[in-house]
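We did not get these values from a lab; they are worked out from the coordinates using the rules stated. If you're wondering where the values come from, they're calculated on a predicted model, not measured in any experiment. Positions of Cβ are backbone-derived with ideal geometry, glycine not excepted, and every protein chain shown enters the neighbour counts.
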Amino acid sequence: MTKLSQSRPGGLATVAGVSQKPGVWSRTWPLLIGLMVTISLVVASLFIGVYDLNSEGGREMFFITRVPRTLALILAGASMAVVGLIMQLMTQNRFVEPSTTGTIEWAGLGLILTYIFFPQPSLFLRMVVAIIFAMIGTIIFFAFLQRVALKSSLVVPIVGLMLGAVVGAVSTFVALQTDMLQNLGIWFAGSFTGVTRGRYELLWIVAATTILVYFIADRFTVAGLGQEIATSVGLNYRAVMIVGISIVAVTTGVVSVVVGALPFLGLVVPNLVSMFRGDNLRSNLPWVVMVGIVVITLTDIIGRTLIMPFEIPVSMILGVLGATVFVYLIVRKGRRG
C-alpha cells in the first residue's frame, strides 16, 4: 500500500519517500512541441528545392547540397541567436546584437582586406581574419559604450549603428578602389545557396561555442545584472566580458565567412523568447536555440520557394523581419514609458 505523507512547505508531497514536483510536465510539453516543430521544418528543408532528388544523381546531390545546407541552417541559426542574447545581457539592452553594434561590418572589412593582401585566400584564412576584425569591432563598441554618459535603451544601438555605418563606408570605399564591390555585395547578401559539402564544416566551430555558453550561462546571467552586483557576489566581471566578446567574435566571424551577413537574427529571437520566459540564460537557451533554427529555416524556405527556381537571399527576408520587430520593440517600450 502506498503511503502518502503530508505536504511539505512549498507544496511538495512525498509518495513512498519520493518528492512529487507539480508543474514538471507543464514545463516539458511546450519544449517537446517546440522540438517537434523545429524537427519538422528541418526535415522539410531537406526536401525543398529546385533539383529533383528522384532523378539520376539525386542521392548524391542530397548529401552534397541538401544535408550540408540544412546543417548550416541549424548551426548558423542557433549560434547567431545565442550570440544576440549574450550581447543583450552584457549591455543590458534588448536592442543590441552583431548587426546593431557594427560587429558584422568589421568582419566584412576584414574579409575585404584579406582579399586585397591575399588574392586567393583559403576559407580558413578568411575565417581567422574575420574573427580578429569582429573582435576588434566588438571591443571598440564596448569601449565606446563605457564613455557614453547617456546609456538609454535607444542610445546604445544608435551608437552601434553609427560605428557600423562608418566601417561599412570604409569597406565600400576600399572595395571601389580595388574593384571588389561585387564581392562585398555578395557577402552582405547572406545566403545559403553556396553552402555545400566541404564548405559548411567550419560551422561546427560555432556549435562548440554554443555548447560552451550553456556551461557558463549562469555567469552571463549574473553579469547581466551589472558590474557592481556581479562583483559583489564574487564574479570576475572582466573575465566574463572577455569570454563573451570572444564568443561573439568567433561566431560572427565564422558565420560571416561561410554564409554571409544574417542581420537582426540575434535581435528577433531573444526578444521573442524573453517576452514569454524572462531573462534567465540557462533556462532560455534551449528555446533560443530552437527559435533561432525555426526562424532561419523558415526564412530560407520562403526564399527558396517564393520565386522558384530563383532564390531570395535570407538576409533580405531577415532584414525586413528584423526591422519590423525592431520598430515594434521601440514603439512598445515608448508606450510603457
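Quick notes on this structure:
- Taking every Cα-Cα distance in the chain and sorting them into 20 Å bins starting at zero, the pair-distance distribution P(r) comes out as 29, 54, 15, 2, 0 percent.
- Electrostatic bookkeeping for Tyr237 treats Lys and Arg as +1 and Asp and Glu as -1; over the other residues with beta carbon under 13 Å from its beta carbon, the sum is +1.
- Packing-based ranking, highest mean first, of 63-75, 197-209 given that Cβ atoms within 10 Å are counted: 63-75, 197-209
- Protection-proxy order for peptides 98-111, 220-233, 157-170, each taking the mean of Cβ atoms within 10 Å per residue, highest first: 98-111, 157-170, 220-233
- Principal axis extents of the Cα atoms in the stretch 52-106, from largest to smallest and rounded to whole angstrom, are 54, 20, 12.
- Whole-Å semi-axes of the ellipsoid equivalent to the stretch 67-201 (Cα gyration tensor, √5λ, descending): 27, 20, 12
- Rg and Dmax over the alpha-carbon atoms of the stretch 178-273 stand at 17.0, 54 Å.
- Count Lys and Arg as plus one, Asp and Glu as minus one, and take only other residues whose Cβ is under 14 Å from that of Val195; the net charge is then +2.
- Per residue, the convex hull spanned by the alpha carbons of the stretch 189-333 comes to 120 Å³.
- Relative to the longest principal axis of the Cα atoms of the chain, the long axis of helix 155-177 makes an angle of roughly 20 degrees.
- Angle between the chain longest axis and helix 237-258 axis [Cα atoms, degrees, rounded to 10]: 50 degrees
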